[in-house]
Amino acid sequence: MRTAVLSLVTLLLPAQAPAPEVATPFERAVVQEMSEARMRPRAYAKHLRELRSGFEGTLWKRPGRVPLRTEEGVAALDEAIAFLESARPLGPLRFNEGLARAARAHARDLGPRGSLDHTGSDGSRPSDRLNRIGTWHGLIAENISTGEDEARQVVIQLLIDDGVPGRGHRKGLFNPDLHQAGAGSAPHRDYRVVTVIDYADGFVLK
């Protein structure tokens with residue numbers, strides 16, 4: 001009889017909510033790699049200088065990778081190197097799990113659609129997506145990288161910013177008013193993988 005009562009009590013207990021998804025090592029590494037570039041830009045420039053020999057016109061040949069047809073060729077790389085060598089070191093980007101969740105959700109929305117837009121399929125903007133899960137203050141920004149599954153290559157892509165007028169990705173990465181970041185990655189229909197990075201001056205999960 002006691003066993004039957006205990007079983008009934010067990011059945012009446014509410015099911016536990018699944019544990020929140022946490023960032024992958026790759027997603028954390030992207031934020032760490034961005035911090036390295038911000039804190040030691042002159043030292044980071046050497047990673048880009050090592051890539052110069054891979055350019056043949058606008059074709060970029062990287063060891064072990066499919067050649068990539070760029071828009072600007074080595075000129076964009078040289079500009080990024082010059083930027084890093086003259087940039088003032090900034091403080092690190094602190095990893096923020098909430099920003100990573102928002103970034104991952106947007107990456108998973110972009111992938112099946114083959115999109116690279118900052119607007120979600122439901123019309124949401126970065127601020128809308130952050131408001132759903134927490135509270136942010138100060139400045140926020142969002143970068144999107146495609147085709148790279150190594151943290152350093154994601155950051156190098158953002159720094160070179162080939163074909164992007166105004167180098168908006170690079171400027172976002174080096175904005176001194178952004179102090180926290182979270183990265184989220186997902187498969188992409190056209191570019192194999194997409195990584196979204198959300199930045200904020202500050203962000204707190206609800």
SER53 of a type in the set (Ser, Thr, Tyr) and assigned to a helix (DSSP H, G or I): yes
Test: residue in region 67-75 that is of a type in the set (A, V, I, L, M, F, W, C), under 30 Å from ILE133 (Cα atoms), assigned to a helix (DSSP H, G or I) and open to solvent by less than 60 Å² (accessible area, probe 1.4 Å): no
Matching option when the condition is more than 13 Å from the chain's Cα centre (by Cα) and closer than 21 Å to ARG189 by Cα, among LEU139, LEU158, LEU110: LEU110
Residues (over 23 Å from the mean Cα position of the chain (by Cα) and among the charged types (D, E, K, R)) located in region 51-71: ARG52, GLU56, LYS61
Residues located in region 95-131, provided they are out of contact with any strand residue (DSSP E or B) (no Cβ under 9 Å at 6 or more places or on another chain) and within 19 Å of GLU21 (Cα to Cα): ASN131
Helices (runs of 4 or more DSSP H) (entirely within region 112-206) containing at least 1 residues that are over 28 Å from LEU59 (Cα atoms) and either open to solvent by 40 Å² or more (accessible area, probe 1.4 Å) or touching a His at 6+ places or on another chain (Cβ under 7 Å) (or both): 126-133
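Select from region 92-103 the residues that are touching a helix residue (DSSP H, G or I) at 6+ places or on another chain (Cβ under 7 Å) and open to solvent by less than 50 Å² (accessible area, probe 1.4 Å) and list them in ascending order.
Residues satisfying the conditions are LEU93, GLY98, ALA100, ALA102.
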So VAL30, is it outside any helix (DSSP H, G or I), closer than 16 Å to ALA183 by Cα and not acidic (Asp, Glu): no
Filter result for LEU84 (modelled with pLDDT under 95 and either open to solvent by less than 60 Å² (accessible area, probe 1.4 Å) or closer than 17 Å to LEU158 by Cα (or both)): no
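The values are calculated or read from the model by the stated rules, or taken from the named source; none is laboratory data. Keep in mind that this is a model prediction, so the values were computed, not measured. Cβ sites come from the backbone with ideal geometry, for glycine too, and all protein chains shown count toward neighbours. Please note that ligands, DNA and RNA were not included when accessible areas were found on the heavy atoms of the full protein model with its side chains. Shrake-Rupley method; radii C 1.70, N 1.55, O 1.52, S 1.80 Å.
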